[in-house]
Structures are given as structure tokens and as C-alpha cells.
Amino acid sequence: MHVLVTGGTGFIGRPLCAALLGRDYEVTVLTRNGGKARDLPFGTRVAMKMDGIGGYDALINLAGENLAEHRWNEERLQQFTDSRVQVTRRMVDHLRNTEDRPRVIVSGSAIGWYGARGDEALSEHSTSGGYDEFQSQLCRAWEAEARKAEKLGVRVCLLRTGLVLERDGGPLAKMLPAFRMGLGGPLGNGRQWMSWIHREDLVAMILWLLDNERCKGVYNGTAPEPVTNAQFARELGRALGKPALLPMPGWVLKTMVGGMADLLLTGQKVLPQRAREEGFAFRYPELPGALAAILP
């Protein structure tokens with residue numbers, strides 16, 4: 001099988017490419033960043049544009065600027081949109097103009113689609129909310145572009161990803177320095193939900209979606225046991241053998257990171273209902289086990 005990956009140089013893309021190569025698949029990463037491409041697993045092909053690739057059986061679309069990388073401003077918000085919505089639109093436009101189409105597309109999205117919903121348990125059957133929230137608007141537009149490939153006869157899976165955990169990136173890497181010094185704690189009141197997933201499980205879910213032709217539509221890429229922010233802080237402190245009692249007030253966080261604070265101070269209690277019902281097996285369904293596997 002030949003798999004084309006966008007966003008293959010990122011936090012999720014690199015281990016995904018390694019897993020695909022481990023299956024003896026042919027893997028091509030579409031990227032404009034030749035420097036980052038040097039860090040890809042040995043055997044990965046690199047392309048700068050879709051023209052001329054051809055012959056790929058599956059497309060995994062993980063492209064998108066990191067929302068947590070820098071302070072938000074109007075320029076950054078536009079970059080977030082262009083790197084997801086516009087890239088996905090160009091990808092589908094390219095497929096529309098060729099007969100050489102993949103059988104399946106697994107396209108990234110995020111649980112921000114649901115908006116801030118308090119303690120409401122959310123499945124793939126829940127409605128969208130947060131119509132005035134940037135992250136919800138972004139995810140709806142992103143998914144709408146990917147769904148256009150369905151009209152071309154392509155099986156489309158939309159993966160709404162939660163907080164992806166591993167120590168070499170993502171939110172956990174940003175938390176670890178403070179928690180290792182015993183200076184960690186809840187954000188704001190700590191009651192907001194954190195719908196997380198171990199990176200290994202997320203990669204496995206992407207492969208599962210590729211393999212199972214019955215899978216199509218929306219899937220939540222989250223573990224079965226979400227926790228509140230206060231619970232997360234407590235478990236992380238316990239895993240490190242450190243206290244986790246120092247809360248960061250919401251107003252301080254907003255001063256530090258601006259609009260991005262909304263991602264950290266609000267949350268969603270998202271459940272992977274479809275994946276569980278359709279047979280996906282999580283290796284790390286609960287947070288203590290996930291943290292034990294991640295942390296030395």
C-alpha cells in the first residue's frame with residue numbers, strides 16, 4: 001500500500017510514518033519544510049507538491065499549524081485557518097481533477113468542534129456548539145472541506161483529536177518542567193474537562209481506520225476515560241512523585257498566552273463511542289497507565 005501523508009513531519013506524523021513503514025507500506029510525506037523532512041524515519045519519501053505523486057491508495061491529512069506554539073493574534077489565527085482549511089481544499093481540488101484517487105482519506109480535526117460544553121458527555125452523535133468560538137468555527141470549516149471528497153467516491157474518516165500525550169511534544173511536554181519542580185497544579189478552577197489520548201493509541205486508531213473499510217464519517221480520537229484538569233494535575237504529580245497543588249489563576253494565564261487561554265480554561269468531556277462500538281481496542285484507556293508508560 002502507498003500512503004500519502006500531509007503533516008508527516010509533526011508530533012503525530014513522525015511516529016505514524018514509522019508505523020506505516022513498519023507494515024512495509026510505501027510512505028510519501030507532502031511537505032514544504034525540507035529541514036523538518038530530514039527528521040523523518042528512514043525510507044520515507046518526500047514530495048513538495050501533489051502533482052506527479054500518483055498511485056497512492058490512502059491519504060492521511062494531518063496538516064495544520066500548532067495552535068499552542070505562539071501567542072494568538074490575527075495573523076496567527078489566519079495561519080491556523082490557511083494551514084488546515086485551505087490546504088484541505090487544495091487537496092480535494094487536486095483529487096477532483098484526476099482519476100487517480102485514493103480509496104480512503106483520514107483527515108484530522110479536533111474536539112474543539114463541539115465547543116465548550118461543561119460537564120456534558122459528548123459522542124460523535126452530539127451537535128456542534130461554540131458558534132462564536134474560533135476553534136469550533138475552524139473545525140467545522142476544516143471538516144466541510146474534507147467531506148467534499150465523499151462526492152468523488154472516496155471513503156472519508158474525520159478524526160476529532162483530543163489532547164495527545166507523549167513526553168516529546170504536545171501539551172505534556174509544556175507541563176513537565178513545572179511539574180518536575182513541584183510547581184504544577186490545576187489551571188483556573190480545575191473543573192474543565194481534558195479529553196486526552198496517548199499518542200500510541202492515536203496512531204493505532206489511524207491505522208485501524210485505514211484497515212477497516214466499514215469505517216467512515218466522524219470518530220473521536222480520545223481515550224475512554226476523560227478527566228478534569230484538577231484530576232490530570234493530581235495524576236501527573238503522582239506519576240512524578242511531586243506535589244501538584246499550585247493553581248494558576250485564569251486571569252494570569254490569559255495575561256500570559258492571550259486568546260489561547262480559552263483552550264486551556266474550557267474543555268469538553270468527549271467519548272470515543274464509535275471507535276469502541278466498532279471494535280477498536282485502547283492500549284491506554286486510563287490516565288494513570290498512560291502516564292506510567294510515558295514517564296521514566
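The values are calculated or read from the model by the stated rules, or taken from the named source; none is laboratory data. In this text the structure is predicted, and so the values were computed from the model without any measurement. Positions of Cβ are generated from backbone atoms using ideal geometry, with glycine treated the same way; all protein chains shown enter the neighbour counts. What goes into the accessible areas is simple: the full protein's heavy atoms, side chains included, and nothing from ligands, DNA or RNA. Shrake-Rupley method; radii C 1.70, N 1.55, O 1.52, S 1.80 Å.
Worth a mention:
- Residue match in segment 104-126 (condition: at pLDDT below 90, surrounded by 18 or more Cβ atoms within 10 Å (Cβ to Cβ) and either more than 25 Å from V27 (Cβ to Cβ) or among the hydroxyl-bearing types (S, T, Y) (or both)): no
- Hey, E99 modelled with pLDDT under 95 and either surrounded by fewer than 18 Cβ atoms within 10 Å (Cβ to Cβ) or over 22 Å from G188 (Cα atoms) (or both) or not: yes
- Flag if Q273 is more than 30 Å from E143 (Cα to Cα) and modelled with pLDDT of 90 or more: no
- Once segment 109-132 is narrowed to residues that are under 18 Å from the mean Cα position of the chain (by Cα), in a loop (DSSP other than H, G, I, E, B) and of a type outside the set (S, T, Y), the residue that is nearest to N189 (Cα to Cα) is A116.
- A single entry from V27, V46, V3, V106 fulfils the requirement of being closer than 18 Å to E143 by Cβ and either more than 22 Å from the chain's Cα centre (by Cα) or of a type in the set (A, V, I, L, M) (or both): V106.
- Annotation note: Cβ proximity below 6 Å between a residue of segment 216-233 that is surrounded by 24 or more Cβ atoms within 10 Å (Cβ to Cβ) and hydroxyl-bearing (S, T, Y) and a residue that is modelled with pLDDT of 95 or more and part of a strand (DSSP E or B) (sequence gap 6+ or interchain) occurs for Y219/L159; T222/I197; T222/V270.
- Entirely in segment 1-73, the strands (runs of 3 or more DSSP E) that have 1 or more residues that are of a type in the set (G, A, S): 45-47, 58-61
- Test: residue in segment 198-220 that is closer than 19 Å to G129 by Cα and either touching a helix residue (DSSP H, G or I) at 6+ places or on another chain (Cβ under 6 Å) or hydroxyl-bearing (S, T, Y) (or both): yes
- Selection of segment 251-296 for residues being of a type in the set (G, A, S) and crowded, with 16+ Cβ neighbours inside 10 Å yields A261, G267, A275, A290.
- Single unsatisfied condition, W193 versus (1) open to solvent by 10 Å² or more (accessible area, probe 1.4 Å); (2) aromatic (F, W, Y); (3) farther than 18 Å from G170 by Cα: (3)
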